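The values are calculated or read from the model by the stated rules, or taken from the named source; none is laboratory data. This is a predicted model, so every value here is computed, not measured. Reconstructed Cβ throughout: ideal geometry from the backbone, glycine too, with neighbour counts over all protein chains shown.
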């Protein structure tokens with residue numbers, strides 16, 4: 001039955017696109033099963049006619065679920081913003097799911113896929129998939145792209161987007177060594193499981209290529225107190241490197257209330273408006289680019305345009321600011337550049 005005059009229906013879209021009604025329906029419910037050129041023709045027809053689904057979903061839009069510890073680490077929101085900007089230029093609906101941080105979990109592997117039956121692709125950020133989730137994604141034929149998850153042999157089966165954290169740590173170590181620092185304190189959140197390789201572990205590896213590193217686990221930025229400075233003193237550290245800028249900002253705040261520690265250099269990781277305002281030396285991560293790249297990869301898999309399972313590595317960049325541009329000094333106040341080695 002055709003629609004009443006003035007009301008656009010799926011029949012009108014099918015007629016204008018030159019396809020069957022079932023093909024239009026399939027383009028909505030499972031776009032990866034429709035050839036890209038057919039799907040584009042359906043989307044163009046629907047757009048020209050002003051046709052919309054009653055639930056507000058765009059016709060032919062690929063539904064991509066994005067799972068990450070958004071409320072734990074604001075950096076994942078910046079990755080999501082890169083996806084949203086890219087989605088403006090494509091027929092894409094993005095559905096975010098908040099996960100627990102992998103660092104805070106005894107079993108960090110995600111074994112339940114946070115997807116609905118109408119999701120055509122999944123991007124998982126910061127939390128590795130366990131075997132059950134990988135098997136579920138294969139059974140449902142849902143392509144998966146990982147972001148900020150170091151792949152293992154078990155993870156083979158989906159593209160990975162990584163920022164080179166080992167290189168980021170090495171850039172910090174090189175910068176500090178050139179300023180005369182020899183020992184640093186690395187402040188990070190506790191990692192309850194060793195079942196995955198975290199970004200912090202890689203950053204420490206890079207740091208240790210240039211300086212000696214003592215580690216200190218702190219539950220959260222609000223817990224930064226005198227024990228951080230006592231740990232630096234005990235390690236004879238002349239710089240404190242934080243696993244992310246939130247920790248570094250808290251360290252700078254505590255340091256400014258304790259003038260006796262103001263010669264300790266402080267370095268963060270991530271970069272953003274807060275780091276710039278505080279004059280914090282940090283490593284800039286291309287968050288928005290990583291999100292955009294992940295979305296392009298999963299859309300390529302959904303459409304069948306690519307079957308690549310490559311690992312894409314993006315480069316971080318050190319941003320030197322006032323928090324490290326001071327002479328290196330030992331915890332006792334002695335200039336280490338003149339100390340015997």
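Among all positions in region 303-312, there is at least one residue which is in a helix (DSSP H, G or I), in contact (Cβ under 8 Å) with a residue 60 or more places away in the chain, buried (at least 17 other Cβ atoms within 10 Å of the Cβ) and in contact with a strand residue (DSSP E or B) (Cβ under 8 Å, 6 or more places away or on another chain).
Quick grid of which residues meet (1) in contact with a strand residue (DSSP E or B) (Cβ under 9 Å, 6 or more places away or on another chain); (2) buried (at least 21 other Cβ atoms within 10 Å of the Cβ); (3) part of a loop (DSSP other than H, G, I, E, B):
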residue	(1), (2), (3)
215	yes, no, no
219	no, no, yes
227	yes, no, no
232	yes, yes, no
247	yes, yes, no
254	no, no, no
266	yes, yes, no
275	yes, yes, no
282	yes, yes, no
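Within region 183-213, the residues that satisfy the criterion of being modelled with pLDDT under 95 and part of a loop (DSSP other than H, G, I, E, B) are 189, 190, 191, 192, 193, 194, 195, 196, 197, 198.
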